[in-house]
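Below is one structure, written out as structure tokens; comments come after it.
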């Protein structure tokens, strides 16, 4: 019996590209930076691909909502092994609110009848951690959050998720499918794109879907201001001979209670 998985991915600022963040109004200047796949979503895609590798007749679709810049991230997902790339073309003015994204994805997923929807536990840029659960609420699906392991029972149409909790504890839950799971980072490193999948990602068309009612949705949350963090520590240069430096350093440790 066929089993279909939808993986939701997000394009986030690529700080490793070397571009410095600059503030433009109530948000950062998005034209001066590169974009990459959200780290949590890369682990989410890896979890889906592991399920496909270990089960029969499983397909993995990768979807990203946003303007045209997300298409490169979708191609990256296909290069990593996703079967299909889907661009949910939501071009609202300014940043997309989680409710707008969740509503758009939920309505699209309802037309495809996915057995499992996977999202990252949060995004690196805004760290709301609510888009996945809101999709589940909109689709009336059982939901597990911050999963580090997912075991799928295809014949039984169910899954077991091991979810991270505070204090080093873990919660193990069983959900009937269809279901939604948000995925935390795990010890499993997301795979690099293979040559064959990279070539396929370049020639395979990305499905483009335009939501009718969310393109002009009004964000329910407005960002008033963004500032760089204030410096909270200072650097003290210790001068003198090696013995004098050691004595001064020892005195600093004692004064600050660092030696206990």
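The values are calculated or read from the model by the stated rules, or taken from the named source; none is laboratory data. Everything numeric here is computed off the predicted structure, so don't read it as measured data. Cβ sites come from the backbone with ideal geometry, for glycine too, and all protein chains shown count toward neighbours.
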inquiry  = Whether any residue in the stretch 214-233 is surrounded by 12 or more Cβ atoms within 10 Å (Cβ to Cβ), farther than 19 Å from residue 5 by Cβ, touching a helix residue (DSSP H, G or I) at 6+ places or on another chain (Cβ under 6 Å) and in contact (Cβ under 8 Å) with a residue 40 or more places away in the chain is what I want to check.
reply    = yes
inquiry  = Condition first: at negative phi, part of a loop (DSSP other than H, G, I, E, B) and in contact (Cβ under 8 Å) with a residue 40 or more places away in the chain. Now tell me which residues in the stretch 123-149 satisfy that.
reply    = 123, 124, 125
remark   = Those residues of the stretch 8-60 which are out of contact with any strand residue (DSSP E or B) (no Cβ under 9 Å at 6 or more places or on another chain) and touching a residue at least 60 places away in the same chain (Cβ under 8 Å) amount to 23, 26, 27
key: Sole residue being in contact with a strand residue (DSSP E or B) (Cβ under 7 Å, 6 or more places away or on another chain) and outside any loop (DSSP other than H, G, I, E, B), chosen from 175, 199   = 175
Filter result for residue 95 (in contact (Cβ under 8 Å) with a residue 12 or more places away in the chain and assigned to a loop (DSSP other than H, G, I, E, B)) = yes
ask   = Among the residues of the stretch 54-64, is there at least one that is part of a helix (DSSP H, G or I), over 15 Å from the mean Cα position of the chain (by Cα), over 26 Å from residue 212 (Cβ atoms) and modelled with pLDDT under 95?
value = yes
remark   = Taking first residues from the stretch 65-82 that are without any contact (Cβ under 8 Å) to a residue 24 or more places away in the chain and second residues anywhere that are crowded, with 24+ Cβ neighbours inside 10 Å, the pairs with Cβ under 6 Å that are 6 or more apart or on different chains are none
query = Can you name the number of the only condition in (1) surrounded by 14 or more Cβ atoms within 10 Å (Cβ to Cβ); (2) touching a residue at least 24 places away in the same chain (Cβ under 8 Å); (3) farther than 18 Å from residue 98 by Cα that residue 174 fails?
reply = (2)
query = Among the residues of the stretch 19-43 satisfying the criterion of being modelled with pLDDT of 85 or more and assigned to a helix (DSSP H, G or I), which is surrounded by the most Cβ atoms within 10 Å (Cβ to Cβ)?
reply = 41
ask   = In the stretch 98-122, how many are more than 16 Å from residue 64 (Cβ to Cβ) and either part of a strand (DSSP E or B) or in contact with a strand residue (DSSP E or B) (Cβ under 7 Å, 6 or more places away or on another chain) (or both)?
value = 3
message = With closer than 29 Å to residue 149 by Cβ, assigned to a helix (DSSP H, G or I) and in contact with a helix residue (DSSP H, G or I) (Cβ under 8 Å, 6 or more places away or on another chain) as the only criterion, which of 48, 79, 16 stands out?
response = 79
ask   = Has the stretch 89-100 got any residue that is closer than 24 Å to residue 203 by Cα and crowded, with 20+ Cβ neighbours inside 10 Å?
value = yes
